[in-house]
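Structure, as structure tokens:
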Amino acid sequence: MKALSIAALLVLAAVAPARAAVNVMTATEDLADLTRQVGGERVKVESIARGYQDPHFVEAKPSFILKLAKADLLVVVGRELEIGWLPPLIQQSRNAKVQPGADGYLDASLTAKILELPTGQITRAMGDVHPLGNPHYWIDPGNGRRIAKAIADKLARVAPADAAYFSARYADFDKRLAEAEKRWDAMMAPYKGLKIVTYHRSWPNFADRFGLDVIGYVEPRPGIPPSPGHTIDLISEMKRLNVKILLVEPYFDLKTPQSIGRETGARVLVMSPSVGGEKEITDYIKLFDYDLGLLVTAIRETGAK
Ligand SMILES: [Zn+2]
């Protein structure tokens, strides 16, 4: 925790050491890190999903029921991202504090910028796993800031005696994130409008923030595996638009992406959308440092643009 502001240090010094930390569970490692950023030593945080897992399909280990039973606060991604694995854990925990709608339940999507919101009837028809808008919204520093603020505000309500501490930690995170954003904007400035393809629809907020143009997906629909017909169409579109970058999340099979890469000459780039997705990605700011570093190197090496 380098570069804490003076205000944050003063608040740190003023905190009595004996008070129990707020016990926080989060659905994902991104939310766990953002909680640590604003909660510091006044929180104890654990994520249920690991950053290298597909967040739609997490194995819900029963050991998490006991952990949820003792939690003061549960932070979730929402938009039905966790619908396949989290609700039974919450119910079985029998912890009234963390049930949806209770004071110790925070849906981080409620204050975030959500893309791909449905305009018509909400449906999971044909297996679409994004029925309430795109749930991968955390991969945008603007949303990281909004999530951190929502967590800091919620922590202040759960532990009012530490409200000033959480507020100072948020201010410090906001400042460090703004400094990092200047660095990332400079890295990406030459590549505005770059056309890419991604495996899953994990990157709309990321693409929007950094000026990338996602022209297609390996999956025909979110959550539906690639089909030969869709892959053939995608290859011809990538050739037509001269797309040289294909992003694949670490938990997908590389067979189809690699055959698309061979057909089109595109680089298949495995890129993690989450903290913990690679051992180097130990916090939220490092997530962007790592991913943008990989992306810029691939752009240069392939002559994409
Ligand atoms: Zn998804």
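Since every read-out is calculated from the coordinates, none of them should be taken as a lab result. Computed from a prediction, not measured in an experiment: that's the story for all the values here. So basically every Cβ, Gly included, is an ideal-geometry build from the backbone, and we count neighbours across all protein chains shown.
Brief remarks follow.
- Residue order, fewest to most surrounding Cβ atoms within 10 angstrom, among 177, 234: 177, 234
- Three-way shape label, segment 152-305, alpha-carbon gyration tensor, a/c 1.5: prolate
- Within-12-Å neighbourhood charge of residue 34 [Cβ basis; K, R +1; D, E -1]: +1
- Cα-centre dipole for segment 184-226 with unit charges at Cβ (Lys and Arg positive, Asp and Glu negative), debye to 20: 60 debye
- Assuming charge only on the beta carbon of Lys and Arg (+1) and of Asp and Glu (-1), the dipole of segment 208-270 about its Cα centre is about 200 debye to the nearest 20.
- Per residue, the convex hull spanned by the alpha carbons of the chain comes to 133 Å³.
- Relative packing of peptides 63-76, 182-195, 212-225 - highest average C-beta neighbours within 10 Å first: 63-76, 212-225, 182-195
- For segment 59-156, the alpha carbon convex hull comes to 113 Å³ per residue, rounded to a whole number.
- Rounded to 10°, Cα long-axis angle of helix 255-264 versus longest principal axis of the chain: 50 degrees
- Each Lys or Arg adds one and each Asp or Glu subtracts one; over the other residues with Cβ under 14 Å from the Cβ of residue 217, this totals -4.
- Between 0 and 90°, nearest 10: helix 163-188 axis offset from the chain longest Cα axis: 20 degrees
- Measuring against 32 Å, Cα to Cα, the residue pairs 61/195; 44/192; 67/113 contain 61/195; 44/192 as the ones spanning a longer distance.
- Of 238, 171, 138, farthest towards positive along the dipole that unit charges on Lys, Arg, Asp, Glu beta carbons give the chain: 171
- With each label modelled as a point 7 angstrom along the Cα→C-beta vector, the residue 164-residue 242 pair spans 6.0 nm.
- For segment 153-167 versus segment 22-36, the inter-centroid distance based on Cα atoms is 15 Å.
- 222 nm mean residue ellipticity, helices alone, for the chain (DSSP H n ≥ 4; -39,500 (n - 2.57); rounded to 500): -13500 deg cm²/dmol
- For the chain, the dipole from Cβ point charges (+1 on Lys and Arg, -1 on Asp and Glu) about the Cα centre works out to 340 debye, to the nearest 20.
- Residue 63 paired with residue 232, simple spin-label distance in nm, labels 7 Å along Cα-to-beta-carbon: 4.8 nm
- For segment 222-305, the list of GluC sites (Glu not before Pro) that fall in a loop by DSSP and count at most 13 other C-beta atoms within 10 angstrom reads 280.
- Span from the segment 201-280 Cα centroid across to the segment 77-119 one, whole angstrom: 28 Å
- Mean separation of Cα contacts under 8 Å (6+ apart) over length of the chain, as relative contact order %: 17 percent
- A simple spin-label model places pseudo-atoms 7 Å from Cα toward Cβ; at residue 262 and residue 111 they are separated by 5.0 nm.
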